[in-house]
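So the structure is just underneath, and the comments pick up after that.
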Amino acid sequence: MSELAEFEWQKLNDDLKLEVIKRSSYLTRCCLRKCSKSDKSLVDRVPISEIEIGFAEDEYRHTEDSKPYLMVHDAVNDENRSHNKGDDKDRIADFMRIFNNRKTIRCHQASEQYLLQVLKKFDSNHLKKISLNGIVSEEKVKDLSETDQWKNTNKFDIATSPSFGDLDNDVKVKSEFIQHAENVHMKVGNMKGDEIWQLIKNYREADRNVGSFFMLDVDQEYFEWKTVLLLFDVPVTNVSVASESSTTYTQKFEMSTRGRVLVVELSNYGVKGCVCREEQIDEDFNRVFNEED
C-alpha cells in the first residue's frame, strides 16, 4: 500500500472503512489485517459470504509426500489465491483467521478429511448456511452431521449426485440429518418415499416460521412420487395452488400452529414443501420458490 493510499485510508472514519472492506477482495482484506490492530478489528467485523475454498492437487508433483494445497476463490473479484506452504493445519488456521464473523461456507474439496477439518473451524454460533456440492461418502456426511456447526446451521443447499441418472455415485443424505433446518434445497439422484414422508412430517409437526421450505430435485426417471401418497396419514386430497411449476399433485397439511399450513407439491421432478399462512397460500408459496429459482 503506497504512502498516499495509507494517508487517505487513515483519513476515513470507521463507517467508511467498513464500506470499503465490504467491497474489497479477500487478498486486500488479508493485507489490511496486517496494517494495524484497528484495521484488523474492522476487517474481522465484516462477514465474507462470497468466498469458495477447496483443496487442489499439484499437477506438476506426483510424489508420495505431495499434499493438496488450499485454494481460495474470491467470487466478487474473480481471483484465485493459493496457500501451498507450511503444514496443512497451519494453512487452514491461517486462512480461517479472517472469518471471525463467518456465516456461509462453500467448500470444494479433493479429500474428505479436509472438509471436516475446515467445517470444524467455523464458529457454530455464526454459521448460517452450508452448501455441499460434490461426491461425499455417506460415512462422511454422517460425520459432518454430528458436528456442532452442522447441528446449528438452519440452511442447507446440497447436491450429492454428480449427474441425474448416475445412481451408482449417488449419496443418500438422510432426512434425520436435516430435520432441524428451516430451509433445505437438495439435488439427489433418487430418494425413497419413506425418507420424503419423514421430511414432510418433520416440517408439519415442528413449529417453523412462515416461509420455511424444503425442495428436493430428483431424477424423474427414477422418482415414483405416487409411492409418497400411499404413506400419507391424512386423506389424499389434491388442492389448487397458483404455482408456476409443472405440478402433478398438491397436498395441504394442517399444522399445530394456528393459521399456518404446510403445502407440499409432488411432480416427476421432485418435491417442494413450504410453511404458508392459511389465508395467503398462493402468495407465500410462490414468493419462496420464485426467489429460490
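The values are calculated or read from the model by the stated rules, or taken from the named source; none is laboratory data. Note that the coordinates shown come from a computational prediction; the quantities given were computed from them, not determined experimentally. Note that we place each Cβ from the backbone using ideal geometry, even for glycine, and neighbour counts take in every protein chain shown.
Is there a residue being part of a loop (DSSP other than H, G, I, E, B), within 27 Å of the chain's Cα centre (by Cα), modelled with pLDDT under 90 and among the aromatic types (Phe, Trp, Tyr) anywhere in segment 283-293? Step through it out loud before you land on a result.
Let us first name the residues in segment 283-293 that are part of a loop (DSSP other than H, G, I, E, B), namely 293.
With within 27 Å of the chain's Cα centre (by Cα) added as a condition, the list becomes 293.
Subsequent filtering for residues that are modelled with pLDDT under 90 retains 293.
Still in the list and also among the aromatic types (Phe, Trp, Tyr): none.
Checked segment 283-293: no residue is part of a loop (DSSP other than H, G, I, E, B), within 27 Å of the chain's Cα centre (by Cα), modelled with pLDDT under 90 and among the aromatic types (Phe, Trp, Tyr).
Would you point out the residue of segment 117-135, among those that are under 21 Å from residue 159 (Cα atoms) and surrounded by fewer than 19 Cβ atoms within 10 Å (Cβ to Cβ), that is modelled with the highest pLDDT?
Ranking the candidates gives 129 first.
Do you know which residues across segment 22-44 are exposed (fewer than 15 other Cβ atoms within 10 Å of the Cβ) and charged (D, E, K, R)?
22, 23, 34, 37
Take segment 204-216 and flag every residue that is on the phi < 0 side of the Ramachandran plot and in contact with a helix residue (DSSP H, G or I) (Cβ under 8 Å, 6 or more places away or on another chain).
Residues of segment 204-216 that are on the phi < 0 side of the Ramachandran plot, as a first pass: 204-210, 212-216.
Within segment 204-216, 210, 212, 213, 214, 215, 216 qualify.
Kindly provide the set of residues from segment 24-71 that are small (Gly, Ala, Ser) and modelled with pLDDT of 85 or more, ordered by number.
Across segment 24-71, the qualifying residues are 36, 38, 41.
So which of 201, 252, 272 is touching a helix residue (DSSP H, G or I) at 6+ places or on another chain (Cβ under 8 Å), closer than 26 Å to residue 144 by Cα and of a type in the set (Lys, Arg)?
On inspection, the qualifying residue turns out to be 272.
A quick yes/no check of all residues on (1) more than 20 Å from residue 158 (Cβ to Cβ); (2) touching a strand residue (DSSP E or B) at 6+ places or on another chain (Cβ under 6 Å); (3) modelled with pLDDT of 90 or more:
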{"site": "203", "(1), (2), (3)": "no, yes, yes"}
{"site": "213", "(1), (2), (3)": "no, yes, yes"}
{"site": "220", "(1), (2), (3)": "no, no, no"}
{"site": "230", "(1), (2), (3)": "yes, no, yes"}
{"site": "233", "(1), (2), (3)": "yes, no, yes"}
{"site": "251", "(1), (2), (3)": "yes, yes, yes"}
{"site": "262", "(1), (2), (3)": "yes, yes, yes"}
{"site": "268", "(1), (2), (3)": "yes, no, no"}
{"site": "271", "(1), (2), (3)": "no, yes, yes"}
